[in-house]
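In what follows, a single structure is set out as structure tokens and then discussed.
The values are calculated or read from the model by the stated rules, or taken from the named source; none is laboratory data. Please read all numbers here as calculations on a predicted model, not as lab measurements. Positions of Cβ are generated from backbone atoms using ideal geometry, with glycine treated the same way; all protein chains shown enter the neighbour counts.
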Amino acid sequence: MPVKYGVPSDPDYTERLAEFEARIKRGEKIEPGDWMPEEYRRQLIRMISQHAHSEVVGMLPEGAWITRAPTLKRKMILVAKVQDEAGHGQYLYHAAETLGVSREAMLDALLSGKAKYSSIFNYPTLTWADIGTIGWLVDGAAIKNQTMLAACSYGPYSRAMVRICAEETFHHKQGKEMVLLYAKGTPKQRQMAQDAINRWWWPALMMMGPHDKDSPNTEVLVRWGIKTKTNDQVRQEFINEHAPEILEAGLTLPDPDLRYDEQTGNWLHGPINWDEFWQVVGGNGPMNKERLEARRRAHAEGAWVREALEAYAAKQQKTAVAV
Amino acid sequence: MRPEVREALIAKLTALADDEVILAHRNSEWTGHGPILEEDIALANIVQDELGHATLWYGLRQALDGSDPDRLAFFRDAYEYRNCELVELPKGDWAFTMLRQFLFDLYETLWLEAAQHSTYQPLAEAVQKIMREERFHLQHTYAWVERLGLGTEESNRRLQQALDMQWGYAQQLFVPIPGEELLVAEGIVPDLAPIKARWLELATRHLQNSGLKLPINPGYQPTSRAGHTEHLWSILAEMQSTARWDAEAKVW
Amino acid sequence: MDTQWPRWEVFKQDTPSKPHQAVGSVHAADPQHALLTARNIFARRPQAVSMWVARADDIFSWTKEEIAEGQLKAESHEARGLQHPAKYLAFRKTSHKRSMTFVDYVGEVEATTPEEALRKAQATFTDAEALAWWLVPAARVFKSDPSPQTIESWFAPAKDKTYKQQQYYATIGAHVSKHKVGRGVEDEA
């Protein structure tokens, strides 16, 4: 199947690019096999694989608490949630695969440390309340992004995101339910919930990425309908929803500058510590090394399993041909 | 229901539930660490089902004596647990986990099929629910044993090692609990002897077809669910740590 | 070199009256394993009554744009070890609307080449404009067992896993419903 990824040196590039951008404007989905700029493909592979890696690494901080969940119901919910994260990674790798990159190559990029994933997962989960807080804040932030991406111009990415959004709403709700419960619970539960909010609030705000002025990719991503909102817009939506709810629950937020702005209807936040953000992105977060090591170990320990099934399938095929 | 039958039924339901809780615990240790994404998801399905089954069995006990399922799971000590020892063994490698799951799923499926016609209606109803899921589990682990057994030399060797380790432990699944004969006599639960015969036949056939040898010396065969391996204390210490951390907490 | 196993496209049927729809793919080693895996991945929630899988490499696909540009030639079927003439299952996408599925099953055609299968599908299934076509050799499609017992075992239990539904947590959050405007996937409901 001839797949066309256009580059500016192509004689018909300008013309095709105009058609392509017109299609996006009309709300059409770009599908595998359609003409697209190589840069569109490159940006998508970068974003989708990073997103997939984030889901897969994101299983680790929460997965660590499955064996310590305090009730059978919470345990079941947490297993289902972490499982969904694996599923979402799976859907997203699929979307990237339609652009001609293999899962083997993407995993190799993750495990060799070349690929990035969401920095939030390089923070540790210290108490059970972190599980609720991650659901409420981290998934809350993720949903904002994902809802936007469900409208993305690339068909396979959009479809993956629609499926993910539908599944993810329960992640957010179960987390919120927990934190609200603990906020009204025993002194120890309350303290645990507040401590978790204190630790996760800023990293959650950083999840949307740098401010628009420091985000060089945003312009082209918006023009090509990959993103439909900027980082700051999504961040603002997140704060506007979550800040009042957390305060209403009787908890505090670790931002002395946070205030409601009557004029815009926005909750304005204080300065974000971007030094910390870039430190964690650069590999120096508290859990970067441990997370990657856990993924590497699982991958290495699973190698003989993957080989065994491949060998079995090859033998079956041989038998089938012989018969 | 006569008090001694009721007592026996409570003990049996507890044993059924405890098996599921501890096995789910071991399987859940794989979440996020499986050999490939697809299988991570598959095993997490099994874990959720097992936790669901435990909840059903504890729920039947609750209907008899009012005990709270979460209190039973999170506030009993090791010497009060009544699971078999097979499910306590550390998760080992993927072959170990898949083989244990196969041996357990085959036992459970056969037991459920025989328990369908229980004279105790709540149990018969729970069996119907659980059996649907268990049939799929068995298909899944049946396929895995075949593939690992016939895959590579390494996968066959690892699976054989798992079998050598587990075969004796698995026999405990067919040891009746004290008082179980009362339940059998009342038609509440099935007799384990014919189930064991069928299990031996089917397990042996599938294991051999998958290129494995039954161990000549079956090894240690636990006989009482009051006894445990040295692992259970640690499992419970971890599993119950959050629930027991705040004695005042009413809800989680 | 690592292997993540081959990729299989998964087609899920939600109810007996609906067509099988392309929902995504799974990595699996062999056909039976692919079916079990498809169930594990795509039946974690209701609805489903049947699943098909086919190797991604066994699927011939064309978008409207490719057809318009005359890019019809598929890799020869000999190269893929296909018999001919052969039956092909035809799948089609007809809408740009937001969706979590891609092509829908429309029916079977018999043809000697994939290109002929496409032309026949275009001539046969004319009730809506096609934005994309998938033609899959019927012999390369593996289907879940249609017996009631399997359907009950593979697909029914998901309905009871209500903790995966957001409604399960409906006791909270009702008062903030105004914040929910424009999020989620309302057009899927």
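What number of residues within segment C:10-19 are closer than 26 Å to B:GLN48 by Cβ and either part of a loop (DSSP other than H, G, I, E, B) or at the interface with chain A (Cβ under 10 Å from one of its Cβ atoms) (or both)?
Within segment C:10-19, the subset closer than 26 Å to B:GLN48 by Cβ is C:10-15.
Next cut, either part of a loop (DSSP other than H, G, I, E, B) or at the interface with chain A (Cβ under 10 Å from one of its Cβ atoms) (or both) only: C:10, C:14-15.
Matching residues across segment C:10-19 total 3.
Go through segment A:49-94 and report how many residues are aliphatic (A, V, I, L, M) and within 14 Å of the chain's Cα centre (by Cα).
Result for segment A:49-94: 8.
Collect the residues in segment A:207-254 that are in a helix (DSSP H, G or I), within 24 Å of A:GLU55 (Cβ to Cβ) and of a type in the set (Lys, Arg), keeping them in residue-number order.
Within segment A:207-254, A:ARG235 is the sole residue that qualifies.
Quick grid of which residues meet (1) in a loop (DSSP other than H, G, I, E, B); (2) more than 14 Å from chain C (Cβ to nearest Cβ); (3) surrounded by 24 or more Cβ atoms within 10 Å (Cβ to Cβ); (4) on the phi > 0 side of the Ramachandran plot:
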site: A:PHE121; (1), (2), (3), (4): no, yes, yes, no
site: A:THR127; (1), (2), (3), (4): yes, yes, no, no
site: A:TRP136; (1), (2), (3), (4): no, no, yes, no
site: A:CYS152; (1), (2), (3), (4): yes, no, yes, no
site: A:ALA160; (1), (2), (3), (4): no, no, yes, no
site: A:HIS171; (1), (2), (3), (4): no, no, yes, no
site: A:VAL179; (1), (2), (3), (4): no, no, yes, no
site: A:ALA193; (1), (2), (3), (4): no, yes, yes, no
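Kindly establish whether B:GLN161 is part of a helix (DSSP H, G or I), in contact with a helix residue (DSSP H, G or I) (Cβ under 7 Å, 6 or more places away or on another chain), touching a residue at least 60 places away in the same chain (Cβ under 8 Å) and polar (S, T, N, Q).
Judged against the criteria, B:GLN161 is not a match.
Within segment C:77-90, work out how many residues are surrounded by 12 or more Cβ atoms within 10 Å (Cβ to Cβ) and either more than 17 Å from C:ALA121 (Cα to Cα) or modelled with pLDDT under 70 (or both).
Counting residues in segment C:77-90 that are surrounded by 12 or more Cβ atoms within 10 Å (Cβ to Cβ) and either more than 17 Å from C:ALA121 (Cα to Cα) or modelled with pLDDT under 70 (or both) gives 3.
Is there a residue in segment A:257-268 that is touching an Asp or Glu at 6+ places or on another chain (Cβ under 7 Å), closer than 22 Å to A:PRO210 by Cα and not β-branched (Val, Ile, Thr)?
yes
Could you identify the single residue in B:ARG244, B:ARG225, B:ARG205, B:ARG198 that is assigned to a loop (DSSP other than H, G, I, E, B), on the phi < 0 side of the Ramachandran plot, at pLDDT 95 or above and not polar (S, T, N, Q)?
None of the other options fit; the residue is B:ARG225.
The rows are residues; the columns are (1) of a type in the set (Lys, Arg); (2) crowded, with 18+ Cβ neighbours inside 10 Å.
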| residue | (1), (2) |
| --- | --- |
| A:ARG223 | yes, no |
| A:LEU251 | no, yes |
| A:ASP257 | no, no |
| A:TYR260 | no, no |
| A:TRP274 | no, no |
| A:HIS299 | no, yes |
| A:ALA320 | no, no |
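With the checklist (1) surrounded by 18 or more Cβ atoms within 10 Å (Cβ to Cβ); (2) more than 21 Å from C:ASN40 (Cα to Cα) in hand, flag the one item B:PRO122 doesn't pass.
Here B:PRO122 clears every test but (1).
Would you point out which residue out of B:LEU182, B:LEU159, B:LEU112 is closer than 15 Å to B:HIS206 by Cα and among the aliphatic types (A, V, I, L, M)?
B:LEU159
From the list B:THR31, B:THR109, B:THR97, pick out the single residue that is at the interface with chain A (Cβ under 8 Å from one of its Cβ atoms) and modelled with pLDDT of 95 or more.
B:THR31
From the list B:GLN208, B:GLN128, pick out the single residue that is surrounded by fewer than 16 Cβ atoms within 10 Å (Cβ to Cβ), under 18 Å from the mean Cα position of the chain (by Cα) and away from chain A (no Cβ under 14 Å). Give the derivation first.
Details: B:GLN208 fails: under 18 Å from the mean Cα position of the chain (by Cα).
That would be B:GLN128, the only listed residue that is surrounded by fewer than 16 Cβ atoms within 10 Å (Cβ to Cβ), under 18 Å from the mean Cα position of the chain (by Cα) and away from chain A (no Cβ under 14 Å).
Take B:THR152 and tell me if it is of a type in the set (Val, Ile, Thr) and over 18 Å from the mean Cα position of the chain (by Cα).
So B:THR152 fits the description; yes.
For segment B:109-158, which residues satisfy the criterion of being small (Gly, Ala, Ser) and part of a loop (DSSP other than H, G, I, E, B)?
B:SER118, B:GLY151
Would you be able to tell me the number of residues in segment C:86-125 that are under 18 Å from C:LEU72 (Cβ atoms) and of a type outside the set (Asp, Glu)?
Selection size over segment C:86-125: 21.
How about segment C:90-143: which of its residues are part of a strand (DSSP E or B) and among the β-branched types (Val, Ile, Thr)?
Passing the criteria: C:VAL106, C:VAL109, C:VAL136.
Would you check which residues across segment B:154-181 are of a type in the set (D, E, K, R) and at the interface with another protein chain (Cβ under 9 Å from one of its Cβ atoms) and list them?
Going through segment B:154-181, the residues of a type in the set (D, E, K, R) turn out to be B:154, B:157-158, B:164, B:180-181.
Within segment B:154-181, B:GLU154, B:ARG158 qualify.
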